[in-house]
Structure formats: structure tokens, C-alpha cells
Amino acid sequence: MARPRKPLLSRERIVTTALALIDAEGLPALSTRRLAAELGVSGPSLYNHFTTKDEILDAVADTVIAHVDVSAFEGGADWRAGLLDWARSYRAALAAHPHIVPFLAQGPGRRPAGLKMADAAFGGMIEAGWPPAQATRICAMIRYFVAGSALGSFARGFVDDPSAYDPADYPHLGQAHLLAEHQRQVDEGAFEAGLRALVDGLALHHPELVPPHGRGAPPQ
């Protein structure tokens, strides 16, 4: 009986396996030797598709960023709607793969999906009337905020042991042990509150850039 054939090695399979490894064990776990073992191939086989480990990381990072939706910036839409939708989609993509966030935080480099995202966000702000320098700072601000939000959980930073929060020492943390039970509500609520504050603050300080039809609350 013929042996079952191993799946053909491809860039897509390498990237998918590398991302799964990073998701499970973190960035330090990724090495070409470990990746080759996970794929059931010899290490040199990887070099038929990627020259270095950094190239693999770039491809993994770009795969994550490719899921970010920047379509809200198209067609001259309200820049507030663009920022809100972009930031939410961006956070969702990063929160699904938090271990890759430190690498992504370095910037898009030469990665196509990362550059397309940056181009869409920056271009959308420019088309809305923002000066280039301010548009750059706003896009950077959103990137910092999203990366920080996706990198860790505020709620998970508190243990679920009530005895850790002696009222004699921490009179205002009597309910802190309950935060872990409500991690998603706390973290997503904090992100939404912060995002709204950022966008509202920009609109408040630059009312001349808010479309006349949208001078009320920012779009949902």
C-alpha cells in the first residue's frame, strides 16, 4: 500500500502554521527549526519559500492585518465613521492574535497589507480635510491605542482572590476580585469609551472638519 502523501509545502501553509504556533506559545516559540518540525519537513525546505525567519514573521503579520476593514474611509465618508470602524476592526484582528502585536507595533515596514491599511486611513483623513501632519498624528494615535488595547487585558491583571484586596490597604478595590469574571465587558467597554473620547475630542477641537449634517453625536 502506498504511503499517504504529505501535504505540499506552500507559503500559505507555512504562514498558517507559524501563526498557530505563535498564538499557542508566543513569539519566542517561533524558530525555523521548530516550524519545520511542526510542518513535518526539513529546515532547508522553508528556504524555498522564505529566505529568513523575519520574512516569515512579516508574512504572518500581514496575514493578520489583511483582516482589518478600512472600507469606511471610501467614498468621502465622514472621517469619524472611518476612524471608529477602522479602529474596531483593527482591534478585533489584533485581539484574535495578541502574541503577534509586539511585532506589529513596529510598523508596516514593507508589508503590503499593512501599507494598504496605512494608505487608506491616511488618505481618508486627507480627503476629509485634515492637514497631512495632523492626519499622520491621528493615525499614529489610533495605532497606539489599538495595539495597547489588544496587547493585554486590564481585567485579567487582577486575581480572583478577595483576600488579595485587604480594605485596610486598598479601600477602593473591594470588588476587584470580580473583574476577571467580566473580562470581555471591562476590556471592550474600556476600548469603546476611550475610542469615543478620542474621536469626540478631535471633533470638538476641530469643528470646521465635522460635516454639517453630522454635528451631533459621532456616527455609530
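The values are calculated or read from the model by the stated rules, or taken from the named source; none is laboratory data. Computed from a predicted structure; not experimentally measured. Using ideal geometry, Cβ is built from the backbone for each residue, glycine included, and neighbour counts are taken over all protein chains shown. Only protein heavy atoms, including side chains, enter the accessible area calculation; ligands, DNA and RNA are left aside. Shrake-Rupley method; radii C 1.70, N 1.55, O 1.52, S 1.80 Å.
Full extension from Asp200 to Leu151: what is 0.36 nm times the residue separation minus their Cα-Cα distance, to one decimal in nm?
Details: separation 49, 0.36 × 49 = 17.64 nm, distance 2.40 nm.
In short, 15.2 nm is gained.
Using only the alpha-carbon atoms of the chain, report the extent along each of the three principal axes, biggest first, to the nearest angstrom.
71, 55, 31
Probe 1.4 Å, all protein chains in place: accessible area of Trp86 in Å², nearest 10?
Near enough 10 Å² of accessible area.
Which three extents, in angstrom, do the Cα atoms of the stretch 74-205 have along their principal axes, listed largest first?
Taking the Cα atoms of the stretch 74-205, the three principal extents are 55, 34, 21 Å.
Add -39500 (n - 2.57) for each DSSP H run of 4 or more in the chain, then divide by its residues: what number comes out at 222 nm, to the nearest 500 deg cm²/dmol? Mind showing how you got there, number by number?
Details: 9 runs with 120 residues, N = 220.
Computed mean residue ellipticity for the chain: -17500 deg cm²/dmol.
Å³ per residue of the Cα convex hull, for the stretch 38-147? Could you put the intermediate results ahead of the total?
Numbers: hull volume 11.4 nm³, N = 110.
Dividing the Cα hull volume of the stretch 38-147 by its residue count gives 104 Å³.
Round to a whole angstrom and tell me the spacing of the C-alpha centers of the stretch 8-55 and the stretch 64-88.
The stretch 8-55 and the stretch 64-88 have Cα centres separated by 31 Å.
Taking every Cα atom in the stretch 11-63, find the radius of gyration and the maximum pairwise distance Dmax, and write them in Å.
9.7, 26
For the pair Ala20/Glu74, report the inter-label distance in nm, with labels modelled 7 Å from Cα in the Cβ direction.
So the two model labels end up 3.2 nm from each other.
Can you compute the modelled spin-label distance between Tyr170 and Arg137, with each label point 7 Å from Cα toward Cβ, in nm?
It is 3.7 nm.
Mind giving me the nanometre distance, one decimal, between the label points for Arg13 and Gln183, set 7 Å out from Cα along Cα→Cβ?
Label at Arg13, label at Gln183, 3.3 nm between them.
Which whole DSSP H helices in the chain pass both tests: a Cα extent of 30 Å or more along the axis and a mean Kyte-Doolittle value no lower than -0.5?
183-205
What FRET efficiency comes out for the pair Arg33/Gln106, r = Cβ-Cβ distance, R0 = 25 Å, nearest 0.05? If you can, show how the numbers build up before the last one.
Numbers: r = 24 Å, r/R0 = 0.95.
So, using R0 = 25 Å, E works out to roughly 0.55.
Among Ala29, Ala37, Ala128, whose mean-square fluctuation peaks in a Gaussian network model of the chain (Cα, cutoff 10 Å)?
Judging by the Gaussian network model, the answer is Ala37.
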